[in-house]
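*Asks:* Starting off with a structure, shown below.
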Amino acid sequence: MKPSFGYLDKLSGGNEKFKERIISILLKELPTEYKSYQNALESKNYYWASEIVHRIKQKITFLEMKESFKIADQHENYLREGKLIYLQEFDEIIHKILNFLSRTPE
Amino acid sequence: MDCIVLDDESVSREIVNFLCEQEPDLKLIGSFSSAIEAFKFLNVRTVDLIFLDIHMPGFTGFEFIQTLKSPPMIIITSSDSEQALEAFSYESIIDFLKKPIQPEKFKKAIAKAKRLQNSDLGKSPIKSSFSGQDHIYINIDKKLIKLNVSEIQLLMADGDYVKVITEKTEYRVHTTLANMRKSLPEDNFLRIHRSYLINLQKIIDIQDNTVLIGKSVVPISRTRRTEFLRKLNLI
């Protein structure tokens, strides 16, 4: 469940500029999306929360976190039904990613 | 080959952009996060290929395809493989790439697009099943319902909705008659009144200024009468 740059390394083929651009987008967008997700939950707009999870879920795929992707996928589907079963697990995934990205050298 | 990408997720767009840069025959001429932006672009430019995400807020990729009269080749990019099956019911969709997109799969999809472009299929715009003849999809409560075009009797404007009346039932779709008309074959469907679009094949009889279709009596507006009669001679 640890994030990895394996996919980005393979994709970029050594193009460090490209890899840095992707990481900077992730670092910029993920906290904003996570905040929007929390706001959606607070206002009980679970459908909107599920839409944000869907977007974040794609970012999870770029970091090769297969198990986390499955949890996010289930969380997205449950949110659509108004169920909050995977709240904690999803939060842990986000924090793990943010932690990982923030430790990446500029 | 001119192409665009439509995806609400920015990293996905960047990745498609990067992969396109590796292909000498591909020229990415637009990158859009919303269907509306892409529509505006496609109103003034034609493209050979669209990389299209399915799950987008407000307007799904499938709905986007339905609104294109002559869709170019489309490669679906999605993190959900469940949509793959539905994707292949659209003639314009030539491949499905699951996210994260693997470079070798991207290359294969592009090779396929090139082959199709060089074949007879690629020389003329590919018609999707929607701008073709046999069926359309309508969006009811976030579900896409497949309707055989031949079963549609008529469509009636109803405020912000359109009532689609088929042989068996009727549906209320949040759209306009003008939009629905774009999805239906011009040879068979004609607007005979500001509020009515009819399937000419379903006419039972014509009396003065009305047409009987199924159990519905539909008025023919004076301004559209000539076109209506001319069209009937072509059937």
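*Asks:* Helix A:46-62 versus the longest principal axis of chain A: what angle, 0 to 90°, nearest 10, using Cα atoms?
*Replies:* So the inclination is approximately 20 degrees.
*Asks:* Okay, next question. Give the lysines reachable from A:K83 as a straight Cα distance under 24 Å; neighbours fewer than 8 places away on the same chain don't count.
*Replies:* A:K35, A:K44, A:K57, A:K59, A:K66, A:K70, A:K96, B:K142, B:K143
*Asks:* Cross-link candidates for B:K27: which lysines have Cα within less than 22 Å, leaving aside residues fewer than 8 places away along the same chain?
*Replies:* Correct list for B:K27: A:K17, A:K19, B:K40, B:K98, B:K99, B:K105, B:K107, B:K108, B:K112, B:K114, B:K123.
*Asks:* Right, next: Which lysines, if any, have their Cα less than 27 Å from the Cα of B:K231, not counting same-chain residues under 8 positions apart?
*Replies:* B:K69, B:K127, B:K163, B:K168, B:K182, B:K202, B:K215
*Asks:* Related question: What residues qualify as long-range amide H neighbours of B:V211, i.e. H under 5 Å apart, gap of 5 or more or another chain, H built at 1.01 Å from N?
*Replies:* Amide H neighbours of B:V211, under 5 Å, 5+ apart: B:V218, B:I220.
*Asks:* Using just the Cα positions, wrap region A:48-94 in a convex hull and report its mean projected area in square nanometres, one decimal place. Don't skip to the answer; put the middle values down first.
*Replies:* On the way: hull surface 10.8 nm².
Average of the hull's projected areas for region A:48-94 equals 2.7 nm².
*Asks:* What does the charge add up to near B:V162, with Lys and Arg as +1, Asp and Glu as -1, over the other residues with Cβ less than 13 Å from its Cβ? Walk me through the numbers on the way to the answer.
*Replies:* Details: positive: B:K163, B:R172, B:R181, B:K182, B:R191, B:R194; negative: B:D158, B:D160, B:E170.
Within the 13 Å Cβ shell, the charges total +3.
*Asks:* In deg cm²/dmol and to the nearest 500, what is the mean residue ellipticity at 222 nm of chain B if only DSSP H runs of at least 4 residues count, each as -39500 (n - 2.57), divided by the residue total?
*Replies:* Working: 8 runs with 73 residues, N = 235.
The helix contribution divided over chain B gives -9000 deg cm²/dmol.
*Asks:* Nearest 10 degrees, 0 to 90: what angle lies between the long axis of helix B:10-21 and the longest principal axis of chain B (Cα atoms)?
*Replies:* 70 degrees
*Asks:* What angle do you read, to the nearest 10 degrees and between 0 and 90, between the alpha-carbon axis of helix B:222-234 and the longest principal axis of chain B?
*Replies:* The two axes meet at around 80 degrees.
*Asks:* Follow-up question, since we're still on this one. Using a 10 Å cut-off around each Cβ of peptide B:100-106, what is the average number of partner chain Cβ atoms that fall inside? Show your work: numbers first, answer last.
*Replies:* Details: counts 12, 4, 3, 5, 1, 0, 1.
Average per residue, whole number: 4.
*Asks:* Under a plain spin-label model, where a point goes 7 Å from the Cα along Cα-to-Cβ, how far apart in nm are B:N43 and B:K69?
*Replies:* That separation, rounded to one decimal, is 1.4 nm.
*Asks:* Can you give me the long-range amide H partners of B:L28? Hydrogens built in the peptide plane at 1.01 Å from N, cutoff under 5 Å, separation of 5 or more residues or another chain.
*Replies:* B:C3
*Asks:* Follow-up. Divide, for chain B, the radius of gyration over alpha carbons by 2.2 N^0.38 Å, where N is the residue count.
*Replies:* Values: Rg = 19.9 Å, N = 235, 2.2 N^0.38 = 17.5 Å.
Normalised by 2.2 N^0.38 Å, the Cα Rg of chain B equals 1.14.
*Asks:* Here's a follow-up. Please work out, to two decimal places, the log10 of the ratio I(q)/I(0) at q = 0.06, 0.09, 0.11 Å⁻¹ from a Debye calculation in which every Cα of the protein assembly as shown carries one identical scatterer.
*Replies:* -0.28, -0.59, -0.81
*Asks:* Next question. What Kirkwood radius, in Å to one decimal, follows from the Cα pairs of region B:1-126?
*Replies:* Numbers: mean 1/r = 0.0699 Å⁻¹.
Answer for region B:1-126: a Kirkwood hydrodynamic radius of 14.3 Å.
The numbers here are math on the coordinates, done by the rules we state, and not lab data. It should be emphasised that the depicted structure is a prediction, and the values quoted were computed from it without experimental measurement. Please note: Cβ atoms are built from the backbone with ideal geometry, for glycine as well, and neighbour counts cover all protein chains shown.
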